[in-house]
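Student: Got a structure here, written out as structure tokens. Questions coming.
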Amino acid sequence: MRVGFVRKAGLGAMVFAAAALIACNDDPLSSVDTGATTNLFVNPDAMILPSGGSQRLESRAVNAVNEPTFEEVLVNSTLLEADVELNVGCATVALDPARTPIQPPGLFIVTGGALLTDCEFVLSAGGVEKTVSVSTAPGSIDMSLAAPEPPVRAGEIGLVGAVLVGEDGEPVSPFDQETDCTWTSSDEEIATVDSTGAFASVGPAGPAVITCTWESEFPSSVGDPQSITREGNYDLTVIANVPVSAGFALGTDLGVVAPDSLTRYTVSVYDVFGNVNTLPEEVLGITASSDNLAVATAEPIEILEEIEGTDLQFFTTFVDVTGISIGSATISGQVQTSEGNLPYSAIVTVLPFPSIESIEPTIGGPGAEITITGTGLGAPGFPGTVYFNGIQASPLVSATATEIVVGAPTFTEPGDFEVQVVVGPLPSEIFTFTLDEFFVEGATEPNGSGATAPSLTLPFEIVGTVDPGDLDDYFRLTLDRELDVDIALSWDNANADLDILIRNADDSAYVCSFDGATGANPEHATCTLDAGEYLFIVNNYNEEAAVYEYDIEVSNP
């Protein structure tokens with residue numbers, strides 16, 4: 001009798017349609033007439049396995065119509081039993097523990113071995129054989145510091161070890177780090193590495209990643225050889241070597257402090273490469289003194305701190321300097337280390353806080369010169385710096401301890417600006433300067449009936465009159481920076497002949513002019529004027545009176 005298995009079944013679990021008919025038998029397959037085995041399905045027939053890694057291998061003995069015959073599948077002529085592994089050369093083969101009783105035999109687990117090589121084994125059933133090829137590949141590269149014991153110090157040499165391992169963490173072979181690794185360092189200014197994994201920490205302290213890259217090709221029946229690459233990294237951290245010198249972190253000039261103020265300065269010890277020492281067992285203490293106690297005093301401070309995320313500690317030495325009165329003092333002492341006492345010294349200057357008494361003008365256009373008067377606005381070696389809303393002013397025209405002349409901000413929006421003078425780290429009080437769009441001083445019409453305007457913001461408009469033959473109706477304007485001006489002139493009497501003229505303030509030369517025609521149509525002159533004083537003139541060259549409108553606009557406010 002033949003029961004109805006699904007024809008042309010794949011390599012998964014088969015559907016046993018007649019299970020109800022044989023449910024009472026001890027052996028559910030004892031009464032099944034399957035026919036003779038004529039073929040053996042295998043999936044896959046080629047593998048690349050990581051050492052220590054496993055892959056499922058499915059095989060099935062089938063008859064002429066591709067129905068399973070339920071015949072046992074042998075591995076290298078061996079019938080495997082539960083919990084038994086067969087070594088086939090580069091891998092081991094065992095029965096799949098997840099198989100079920102109604103599945104045909106032939107489900108295996110193949111596990112890569114510790115030898116990086118290729119091999120084959122034979123599956124057989126009913127006289128039919130199929131060959132399976134296997135290549136074993138590594139899982140990863142384990143990296144370690146072979147020598148010296150950490151931490152690594154600047155100037156030391158050492159060796160990073162690399163081991164090729166499988167997925168189970170066990171070493172695989174063949175592998176030699178001197179011949180099979182390509183060695184690189186992420187920062188050769190900190191550490192170099194040669195072709196064997198030997199490194200040299202060449203100076204600056206800091207981190208560098210030492211890398212071993214391994215690459216190989218695996219020939220197999222899968223097709224073309226497959227290239228496999230593995231990379232291992234060791235994070236090398238280089239710290240300072242033994243201390244040989246000491247000094248303030250700021251150098252030999254500590255700058256400015258104020259009377260009755262305390263400032264803490266860091267004192268560091270350095271190795272021959274300039275690295276700051278961080279080992280507490282090598283920094284033992286610090287002394288400090290001032291050579292002029294009337295100007296400043298000095299107190300040594302020691303703090304032991306931990307490096308976050310590590311077991312390391314570092315010992316930091318400080319000096320607290322207190323300003324007493326105006327003058328200079330030398331702060332000096334010694335840092336006590338396991339290598340001996342290391343001297344240090346620096347100069348500190350005590351100055352009063354700068355004080356602003358006035359700002360003139362308090363309103364002006366971009367680039368306008370502003371005069372700041374006060375006391376302590378600078379000292380020899382410590383010039384005062386002016387800030388507008390925290391941004392350093394430029395240009396600084398002149399500066400003394402009592403007066404600073406500086407240009408107002410340019411290329412910024414108009415508004416109120418906080419003005420402050422800083423000498424060293426010492427700030428003054430804050431004054432306010434208002435930046436206008438553009439400021440024109442002394443705009444007047446001394447020879448006509450137009451209005452007088454002591455100051456104007458461009459663009460502006462003035463209406464005036466000229467009598468017959470009036471040749472000197474003018475406005476005297478002082479511009480606070482270079483300006484591109486466009487001047488438009490219109491008038492009410494078509495018979496009047498009005499011209500636009502711009503001369504230097506001393507009437508010495510024409511700077512710009514426009515010869516207008518008769519008529520009431522607007523006439524224009526466009527000029528580029530430097531900062532300075534000018535005469536803006538309207539001339540009437542005939543016997544007709546006129547009322548005119550004079551407009552000045554700018555293209556670079």
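The values are calculated or read from the model by the stated rules, or taken from the named source; none is laboratory data. Remember, it's a predicted structure, so these values are computed and weren't measured experimentally. Ideal geometry is used to build each Cβ from the backbone, glycine not excepted, and the neighbour counts take in all protein chains shown.
Student: With the structure loaded, tell me whether residue 352 is on the phi < 0 side of the Ramachandran plot and touching a Gly at 6+ places or on another chain (Cβ under 6 Å) or whether it fails that test.
Tutor: Taking the combined requirement at face value, the residue satisfies it.
Student: Considering the range 472-510 alone, what residues qualify as being closer than 17 Å to residue 535 by Cβ, modelled with pLDDT of 75 or more and surrounded by fewer than 17 Cβ atoms within 10 Å (Cβ to Cβ)?
Tutor: Matches in the range 472-510: 504, 509, 510.
Student: Looking at 139, 158 in this structure, which one is surrounded by 16 or more Cβ atoms within 10 Å (Cβ to Cβ), at pLDDT 95 or above and farther than 30 Å from residue 105 by Cα?
Tutor: 158
Student: Checking residue 71 against (1) crowded, with 17+ Cβ neighbours inside 10 Å; (2) acidic (Asp, Glu); (3) modelled with pLDDT of 95 or more, which single condition isn't satisfied?
Tutor: Result: residue 71 passes all but (3).
Student: Identify, from the list 381, 364, the residue that is outside the structural domain of residue 296 (by TED's automatic domain parsing) and within 30 Å of residue 483 (Cβ to Cβ).
Tutor: That would be 364, the only listed residue that is outside the structural domain of residue 296 (by TED's automatic domain parsing) and within 30 Å of residue 483 (Cβ to Cβ).
Student: Now a separate question. Pick from 238, 244, 257: which is over 33 Å from the mean Cα position of the chain (by Cα) and either within 25 Å of residue 148 (Cβ to Cβ) or in the same structural domain as residue 423 (by TED's automatic domain parsing) (or both)?
Tutor: Answer to the check: 244.
Student: Within the set of pairs 6 or more residues apart or between chains, which connect a residue that is closer than 11 Å to residue 191 by Cβ inside the range 149-170 to a residue that is among the aliphatic types (A, V, I, L, M) and in a loop (DSSP other than H, G, I, E, B) with Cβ atoms less than 6 Å apart?
Tutor: As it stands, the answer is 154/205; 154/240, since those pairs meet every condition given.
Student: Further question: Report the residue count in the range 394-423 for those that are within 30 Å of residue 259 (Cβ to Cβ) and either of a type in the set (Phe, Trp, Tyr) or at pLDDT 90 or above (or both).
Tutor: 16
Student: Quickly run through the range 52-66 and pick out the residues that are of a type outside the set (Val, Ile, Thr) and in a strand (DSSP E or B).
Tutor: Residues satisfying the conditions are 54, 55, 56, 57, 58, 59, 60, 61.
Student: Let me spell it out: the conditions are (1) out of contact with any helix residue (DSSP H, G or I) (no Cβ under 7 Å at 6 or more places or on another chain); (2) β-branched (Val, Ile, Thr); (3) without any contact (Cβ under 8 Å) to a residue 60 or more places away in the chain, and residue 196 meets all of them except one. Which number is the exception?
Tutor: (1)
Student: Quick check on my filter: what residues within the range 93-144 are in contact with a Lys or Arg (Cβ under 7 Å, 6 or more places away or on another chain) and part of a loop (DSSP other than H, G, I, E, B)?
Tutor: 96, 104, 106, 138
Student: Can you go through 289, 325, 338 and tell me which one is farther than 26 Å from residue 206 by Cα and in contact (Cβ under 8 Å) with a residue 60 or more places away in the chain?
Tutor: The conditions single out 325.
Student: In the range 424-449, what residues are among the small types (Gly, Ala, Ser) and at pLDDT 90 or above?
Tutor: Scanning the range 424-449 gives a single hit, 428.
Student: Quick check: anything in the range 212-227 over 30 Å from residue 48 (Cα atoms), touching a residue at least 60 places away in the same chain (Cβ under 8 Å) and touching a Leu at 6+ places or on another chain (Cβ under 9 Å)?
Tutor: Scanning the range 212-227 turns up no residue that is over 30 Å from residue 48 (Cα atoms), touching a residue at least 60 places away in the same chain (Cβ under 8 Å) and touching a Leu at 6+ places or on another chain (Cβ under 9 Å).
Student: A further question on this structure: If you go through the range 19-36 one residue at a time, do you hit one that is surrounded by 15 or more Cβ atoms within 10 Å (Cβ to Cβ), in the same structural domain as residue 108 (by TED's automatic domain parsing), over 30 Å from residue 137 (Cα atoms) and modelled with pLDDT of 90 or more?
Tutor: So far as the range 19-36 goes, no, none of its residues is surrounded by 15 or more Cβ atoms within 10 Å (Cβ to Cβ), in the same structural domain as residue 108 (by TED's automatic domain parsing), over 30 Å from residue 137 (Cα atoms) and modelled with pLDDT of 90 or more.
Student: For the range 36-51: of the residues being farther than 19 Å from residue 80 by Cα and part of a strand (DSSP E or B), which is nearest to the chain's Cα centre (by Cα)?
Tutor: Out of the qualifying residues, it is 50.
Student: Okay, next question. Can you say whether residue 193 is more than 25 Å from residue 52 (Cα to Cα) and buried (at least 16 other Cβ atoms within 10 Å of the Cβ), as far as the supplied structure shows?
Tutor: Taking the combined requirement at face value, the residue satisfies it.
Student: Looking only at the range 216-229, decide whether some residue is farther than 29 Å from residue 316 by Cβ and in contact with a helix residue (DSSP H, G or I) (Cβ under 9 Å, 6 or more places away or on another chain).
Tutor: Yes, there is a match, as at least one residue in the range 216-229 is farther than 29 Å from residue 316 by Cβ and in contact with a helix residue (DSSP H, G or I) (Cβ under 9 Å, 6 or more places away or on another chain).
Student: I need the strands (runs of 3 or more DSSP E) fully contained in the range 184-293, keeping only those with at least 1 residues that are under 30 Å from residue 166 (Cβ atoms) and at pLDDT below 95.
Tutor: Numbers: elements: 191-193, 198-201, 206-220, 223-239, 245-248, 253-257, 262-270, 283-286.
Where strands (runs of 3 or more DSSP E) fall fully within the range 184-293 and carry at least 1 residues being under 30 Å from residue 166 (Cβ atoms) and at pLDDT below 95, they are 206-220, 223-239.
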